[in-house]
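S.K.: Starting off with a structure, shown below.
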Amino acid sequence: MTTSAQIEELKTLVEPGKVLIDADSLETYGKDWTKQFAPAPSAIVFPKSTEQVQAIVRWANQHKIALVPSGGRTGLSAAAVAANGEVVVSFDYMNRIVEFNEYDRTVVCQPGVVTKQLQLFAEEKGLYYPVDFASSGSSQLGGNIGTNAGGIKVIRYGMTRNWVAGLKVVTGTGELLELNRDLIKNATGYDLRQLFIGAEGTLGFVVEATMRLERAPKNLTAMVLGTPDFDSIMPVLHAFQGKLDLTAFEFFSDRCLEKILGRGDVPAPFESRTPFYALLEFEALNEDVANEALATFEHCVEQGWVLDGVMSQSEQQLQNLWKLREYISETISHWTPYKNDISVTVSQVPAFLKDIDDIVSVNYPDFDVLWYGHIGDGNLHLNILKPENLAKEDFFTKCALVNKWVFETVEKYNGSISAEHGVGMTKRDYLQYSRSAAEIACMKAIKAVFDPNGIMNPGKIFA
Ligand code: S2G
Ligand code: ZN
């Protein structure tokens with residue numbers, strides 16, 4: 001635990017009032033969206049500059065005090081949870097968009113810039129920041145980079161790492177590294193920038209990021225298609241991918257739709273109900289593209305892969321169709337769900353999902369299993385709602401077994417135990433299901449290079 005003398009010293013490194021130790025602040029800033037770990041930091045510090053971050057890291061090295069980076073606190077792997085007396089470094093006051101480069105189509109941002117803030121800034125410039133997900137209204141770029149956030153547009157635009165042109169990080173020794181210098185081409189050895197993206201703050205803290213922007217998509221149009229079973233979704237994906245340049249291909253089960261319609265604020269996509277739904281999106285650049293989409297829809301109906309469907313005819317309808325998918329996570333959070341975020345190669349998705357569905361339904365037939373996710377990039381979100389009559393502890397004990405079955409199945413399919421939410425604390429004990437011992441040894445060697453005293457978000461990714 002940090003001593004009061006050390007806290008007093010910490011206060012001298014930042015502006016007045018930028019170190020908090022009251023119970024509410026410790027509770028609020030010591031956690032993220034996971035619920036398994038009790039937040040217990042010793043202090044929250046709010047730097048306003050790179051120099052202050054460097055001073056904090058040097059102070060932490062001197063006293064061997066662990067630091068936990070904190071952004072929007074929307075993480076789902078407990079990577080931003082401080083459960084062991086660490087000092088939380090919040091980037092809330094490093095939240096400026098510093099510079100826009102029209103010709104480079106890049107924006108220099110501080111880590112505390114909210115994802116939605118960058119998206120809106122890009123729109124004002126007639127451009128587009130294409131990494132999007134349900135929590136973009138409160139997540140921060142520093143956390144998006146730390147997790148290598150993915151979301152709903154990965155099938156066309158890739159993950160956060162595809163959009164980082166340059167990165168300034170403060171390493172675990174307090175050194176400032178300026179990585180890649182915003183260059184498009186730079187063949188001068190290891191691309192160290194990529195090491196810090198997805199490292200969950202365990203190698204260093206992002207203090208500035210130059211983000212690339214894309215041309216704005218035109219006339220985005222969505223379709224929701226009802227399918228008779230899960231296996232029909234992949235031929236639908238294949239059919240549409242062969243004809244259209246998709247910007248998204250998502251799926252969700254009818255149980256998810258049931259929960260969404262129960263909200264009362266989102267209209268059903270169409271009259272009928274089907275076991276599964278695909279939501280796809282494309283740019284209807286002209287009449288031909290829209291007709292191609294309709295022809296492909298007809299083909300899928302003829303093949304029996306699709307039973308019903310709708311295409312958005314307006315921006316409002318586009319938004320309403322997206323709400324069916326984007327509201328799922330927040331809506332079902334009321335049932336304290338067991339959550340998992342896994343991925344396999346797209347071709348293996350049907351067999352993989354069937355294996356897991358069979359295991360869970362055989363062992364726990366009364367479990368309410370909800371499937372949804374970014375099936376176009378092989379990323380599935382398995383959620384199990386806690387049965388009313390089952391105590392939370394008993395439910396999560398049973399779900400620990402589900403975890404084991406899920407990760408054993410992931411290993412069998414050479415998949416990832418964490419597709420986009422990161423490892424944090426929730427999955428650090430299962431890393432071996434997706435990474436070899438040799439890989440883990442290399443990661444630990446890299447950690448030792450950048451954080452020799454092990455003060456940068458310790459206990460995340462690996463214990
Ligand atoms: C999604 C959000 C978090 C979750 O909706 O795509 O990544 O798993 C998720 O509910
Ligand atoms: Zn997701």
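S.K.: After finding the eigenvalues of the alpha carbon gyration tensor for the stretch 51-92, what semi-axes result from the square roots of 5 times each, listed largest first in whole Å?
M.R.: Numbers: eigenvalues 79, 34, 7 Å².
The equivalent ellipsoid of the stretch 51-92 has semi-axes of 20, 13, 6 Å.
S.K.: Taking the chain as the reference, fit the longest principal axis to its C-alpha atoms, fit the long axis of helix 115-124 to the helix C-alpha atoms, and give the angle between the two in degrees, 0 to 90, nearest 10.
M.R.: Result, in degrees: 70.
S.K.: I've got another one for you. Within straight cross-link reach of LYS392, meaning Cα distance under 17 Å, which aspartates and glutamates are found once same-chain residues fewer than 8 apart are removed?
M.R.: Cross-link targets: ASP366, ASP368.
S.K.: Related question: I want to check the label-to-label distance for LYS412 and LYS116. Put each point 7 Å from Cα in the C-beta direction and report it in nm to one decimal.
M.R.: Spacing of the two 7 Å Cα→Cβ label points: 4.2 nm.
S.K.: Something else about it: Testing the spin-label approximation: label points 7 Å from Cα along Cα→Cβ at GLU302 and GLN36. State their distance in nm.
M.R.: 4.9
S.K.: Suppose a student asked you for the relative contact order of the stretch 336-437, using Cα pairs under 8 Å spaced at least 6 residues apart; what percent would you report? Show your work: numbers first, answer last.
M.R.: Numbers: 131 pairs, mean separation 36.4, N = 102.
Here the relative contact order equals 36 percent.
S.K.: What pairs from LYS339/LYS386; LYS31/LYS427; LYS11/LYS460 go past 19 Å between their alpha carbons? The partial results should precede the final answer.
M.R.: Values: LYS339/LYS386 11 Å; LYS31/LYS427 16 Å; LYS11/LYS460 26 Å.
Beyond 19 Å between Cα atoms: LYS11/LYS460.
S.K.: Another one. Helix-only estimate, please: 222 nm mean residue ellipticity of the chain, summing -39500 (n - 2.57) across DSSP H runs of length 4 or more and dividing by its residues, to the nearest 500. Don't skip to the answer; put the middle values down first.
M.R.: Working: 15 runs with 157 residues, N = 463.
After summing the helix terms and dividing by residue count, I get -10000 deg cm²/dmol.
S.K.: Just to confirm the filter: which chymotrypsin sites (Phe, Trp or Tyr not before Pro) across the stretch 129-220 are DSSP coil and have at most 14 other Cβ within 10 angstrom of their Cβ?
M.R.: Numbers: sites: PHE133, TYR157, TRP163, TYR190, PHE196, PHE205; in loops: PHE133, TYR190.
Counting only loop positions with at most 14 other Cβ atoms within 10 Å, the chymotrypsin sites (Phe, Trp or Tyr not before Pro) in the stretch 129-220 are TYR190.
S.K.: Under a straight-distance cross-link criterion of Cα-Cα below 13 Å, which aspartates and glutamates are reachable from LYS447, leaving out those fewer than 8 residues away in the same chain?
M.R.: Qualifying aspartates and glutamates at Cα under 13 Å: GLU200, GLU439.
S.K.: Quantify how much of the Cα-Cα distance distribution of the stretch 210-285 extends past 20 Å, in percent. Can you show the working numbers first?
M.R.: Numbers: 1191 of 2850 pairs.
Here the long-distance tail beyond 20 Å is 42 percent of all Cα pairs in the stretch 210-285.
S.K.: To continue, here is another question. Amide H of ALA248 versus every other amide H placed in the peptide plane: which residues, excluding those fewer than 5 positions away on the same chain, fall under 5 Å?
M.R.: Result for ALA248 returns GLU281.
S.K.: When the Karplus curve 6.51 cos²θ - 1.76 cosθ + 1.60 is applied with θ = phi - 60°, which whole-Hz ³J(HN,Hα) does each residue of the stretch 13-25 get, with x for Gly and Pro?
M.R.: These are the phi-based 3J(HN,Hα) values: 8, 10, 6, x, x, 9, 10, 10, 9, 6, 4, 4, 5 Hz.
S.K.: Please give the length that would be gained between HIS63 and THR3 if that part of the chain were fully extended, namely 0.36 nm times their separation in residues minus their C-alpha to C-alpha distance (nm, one decimal). Don't jump to the answer; show the numbers that get you there.
M.R.: Numbers: separation 60, 0.36 × 60 = 21.60 nm, distance 1.00 nm.
Separation in residues times 0.36 nm, less the Cα-Cα distance, equals 20.6 nm.
S.K.: Next question, about the same structure. Could I have the simple spin-label model distance between GLN194 and CYS442, label points 7 Å from Cα toward Cβ, reported in nm to one decimal?
M.R.: Simple spin-label model gives 1.1 nm for this pair.
S.K.: What residues qualify as long-range amide H neighbours of ASP308, i.e. H under 5 Å apart, gap of 5 or more or another chain, H built at 1.01 Å from N?
M.R.: GLY226
S.K.: Something else now. Taking R0 as 30 Å, what's the FRET efficiency between ASP429 and GLU99 from their Cβ-Cβ distance, rounded to 0.05? Working shown, then result.
M.R.: Numbers: r = 42 Å, r/R0 = 1.40.
Efficiency computed from Cβ-Cβ geometry: 0.10.
S.K.: I've got another one for you. Check each of the trypsin sites (Lys or Arg not before Pro) in the stretch 1-85 and keep only those in coil by DSSP with at most 12 other C-beta atoms within 10 angstrom; list them in order.
M.R.: LYS64
S.K.: Same structure again: Using DSSP to define loop residues, name the GluC sites (Glu not before Pro) in the stretch 366-452 whose beta-carbon has at most 12 other beta-carbon atoms within 10 Å.
M.R.: On the way: sites: GLU388, GLU393, GLU408, GLU411, GLU420, GLU439; in loops: GLU388, GLU420.
For GluC sites (Glu not before Pro) across the stretch 366-452 that sit outside H, G, I, E and B with at most 12 neighbouring Cβ atoms in 10 Å, the list reads GLU388.
S.K.: Shifting gears a bit: When only Cα pairs under 8 Å and 6 or more residues apart are kept, what is the percent relative contact order across the stretch 1-100?
M.R.: Working: 172 pairs, mean separation 34.1, N = 100.
The normalised contact order for the stretch 1-100 reaches 34 percent.
S.K.: Would you kindly give the portion of the calculated P(r) for the chain that falls above 39 Å, as a percent of all Cα pairs? The partial results should precede the final answer.
M.R.: Details: 25288 of 106953 pairs.
That tail contains 24 percent of the Cα-Cα pairs.
S.K.: Express the Stokes-Einstein translational diffusion coefficient of the stretch 336-437 in µm² s⁻¹, to the nearest whole number, given a Kirkwood radius over alpha-carbon pairs, 37 °C and a viscosity of 0.692 mPa s. Each step should come with its number before you reach the end.
M.R.: Values: Rh = 13.8 Å.
Taking Rh from Cα pairs, D becomes 238 µm²/s.
S.K.: Could you run the Karplus curve 6.51 cos²θ - 1.76 cosθ + 1.60 with θ = phi - 60° over the stretch 45-54 and give me ³J(HN,Hα) per residue in whole Hz, x for Gly and Pro?
M.R.: So the Karplus estimates, Gly and Pro as x, are 10, 10, x, 10, 8, 4, 4, 5, 4, 4 Hz.
S.K.: Stick to the Cα atoms of the stretch 277-357, pair each with every other, and give me the Kirkwood hydrodynamic radius in Å at one decimal.
M.R.: On the way: mean 1/r = 0.0636 Å⁻¹.
One over the average 1/r among Cα pairs gives 15.7 Å for the stretch 277-357.
S.K.: Quick one: which residues, 5+ away or cross-chain, put their amide H under 5 Å from the amide H of SER418? H built at 1.01 Å from N.
M.R.: Placed amide hydrogens put SER343 under 5 Å from SER418.
Every number in this text was worked out from the coordinates using simple rules, so none of it is lab data. On a predicted model such as this, the values are computed, not experimentally measured, just so you know. Quick reminder, even Gly has a Cβ in these numbers, built from the backbone with ideal geometry, and neighbours come from all protein chains shown.
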